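Everything on this sheet refers to the single structure shown next.
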Amino acid sequence: MKIMFSAGEVSGDLHGASIATAIREVSPETELIGFGGRQMQAAGVRLVADMADYSVMGVWEVILNIRRILRLLNHLTDVMKKERPDLLVLIDYPDFNWRLAKRAKEIGIPVFSYIPPSAWAWRKGRAKSCAALADEFAAIFPFETKVYEDAGANISFVGNPLVDKVHAAMSDEEAREYFGIKYGEYPVLLMPGSRRQEIKLLFPAMLEGAKRILEEKPDAVFYLPVAQSMAQADMEKMAESAGVPVRFTHDHTYDLMGQAEFALATSGTVILEAALMGLACIVLYRLSPVSYFFGKLLVHVKFFSLPNILLDEEIQPELLQEEVNPDRILKESRRFWEEPSYSAGVREKLRLACERLGKPNAAKRVAEKILDAAARYGKNKGSLGGT
C-alpha cells in the first residue's frame, strides 16, 4: 500500500509526522511519500518536494511566486501519475491542497482530507465543492462536521491532536523555580501572536493594559513566551518604551501557562493550548480597518475564540477592534483578582470546553481511518473520475 501526503505549513508538517508515525506502528509495510518538511521526513515519509522551498505567506507573496507554485502543483501531479498512490492525504493548507485534490480526482486518485477548510465559519459553499473532490474527511473540532454533512461529505470528528501534545513537564514547584516566580508574585502572560502584523496591532495595547494592571496590582509580573519567528529585540524596546517590565521566555511554555493567573492573548490556537492548561485568557483580536470590513462581510460567527465556540457561550472575554484598549483590558483583568469565584468559574468552563476536544490518541485514530480508506478506495483508483 502506498499513501501520499500534502502538507505545506509547519503545523501540517507536525500533524503529518504524527500520523506517519502512527501509520508505521500499525502498518510498517505501508510506503509513505509526499510534500512536507523535516518532521514528516524524520517520521518516515519520502519527500517528493520539500515545503521549505515553497514557504510563502501573504497574498502579494503568493502572486509573486505563482509560477513556482504552479510548477509545484504540476510536479506533484506528475508524482501521482507515476507513483499511483492508493490515497492522497491533504493536511490543511487549503488554497493549494484543493487544487491538488482536483488534479487527483481527474487522474483517479482517491482523496482524504484531514483538517478541512473552515466552511463552518465562512464561505460555506466550499463544503459542497470539497465534498465533490474528497472521498473522506476527518475533522479536529466537533462543530466542523455539520456543514460538510449537509453538503453530502463522509466526515467524522476524530479528536484534537492538542489533547496529546499539551501537558506540563514540571511540577508546580519546579516550574516556579525555573521561571523565577517568587512567593507573592502574580504572574500574567502576554501572548501577542507570532506574526509581525499581529504584534504591531496588539502588543502596544497589551502593554498599555499591563501598565494599568500594574498601577492597581503592583505584585503582577508579566511573562511573554517568544516563538522562533518573533522579533524579541523589537518587543523589548516596545516594552521598555511603555515602562512595563516583561520577562521573555523561550521554552517550557505549557509549564509557564500552568503557573499564570490569566493571560492577555491574541485569538488563535494558543487560546486552546492555554485552555488545556487551565489558563483563562482575555482574548484580543484586531485587524486592519480594510481587513475587518471585508471580514464582517465574509465571516459569520458568534464567537471568535475556540473555547467559547466549543461551548457556544462567552466563557472568557473577547475584545474586538476598538474594544482592545487599556480601560477595557483593565476592567476584564480586575475580575480575576477581585472575584475568586469568577476565576474559578472560567477555569471550570474551560475544562468542560476541552472535554469536547475528544479523547487522547487522535493521530492513531486518523491513521487507522487513512489506512482503511486507502484499502477501500485504493482498489478503485484509476476508475474514479477518469484517467
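Per-structure values
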read-out	value
Strands (runs of 3 or more DSSP E) contained entirely in the range 148-250, each with at least 3 residues that are buried (at least 19 other Cβ atoms within 10 Å of the Cβ) and at pLDDT 95 or above	186-191, 220-225
Long-range neighbours under 7 Å by Cβ, at least six apart or interchain, first residue more than 11 Å from I140 (Cα to Cα) within the range 153-165, second of a type in the set (D, E) and crowded, with 19+ Cβ neighbours inside 10 Å	N154/D135; N154/E136
Some residue of the range 123-131 being buried (at least 17 other Cβ atoms within 10 Å of the Cβ) and in a loop (DSSP other than H, G, I, E, B)	no
Options E368, E348; residue that is touching a residue at least 60 places away in the same chain (Cβ under 8 Å), in a helix (DSSP H, G or I) and of a type in the set (D, E)	E368
Residues of the range 251-270 that turn out to be assigned to a helix (DSSP H, G or I), modelled with pLDDT under 95 and crowded, with 20+ Cβ neighbours inside 10 Å, as a count	1
Qualifying residues in the range 307-348 (those that are of a type in the set (D, E) and within 14 Å of A210 (Cα to Cα)) - the one farthest from the chain's Cα centre (by Cα)	D327
Residues located in the range 1-26, provided they are surrounded by fewer than 17 Cβ atoms within 10 Å (Cβ to Cβ) and at pLDDT 90 or above	M1, K2, R24, E25, V26
Hits in the range 81-100 (condition: crowded, with 19+ Cβ neighbours inside 10 Å and over 18 Å from G12 (Cβ atoms))	D86
Residue under evaluation D135, criteria (1) surrounded by 18 or more Cβ atoms within 10 Å (Cβ to Cβ); (2) outside the structural domain of K102 (by TED's automatic domain parsing); (3) over 30 Å from P326 (Cα atoms); (4) of a type in the set (D, E), criterion not met	(2)
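The values are calculated or read from the model by the stated rules, or taken from the named source; none is laboratory data. Quick caveat: nothing in here was measured; it's all calculated off a predicted structure. Note that we place each Cβ from the backbone using ideal geometry, even for glycine, and neighbour counts take in every protein chain shown.
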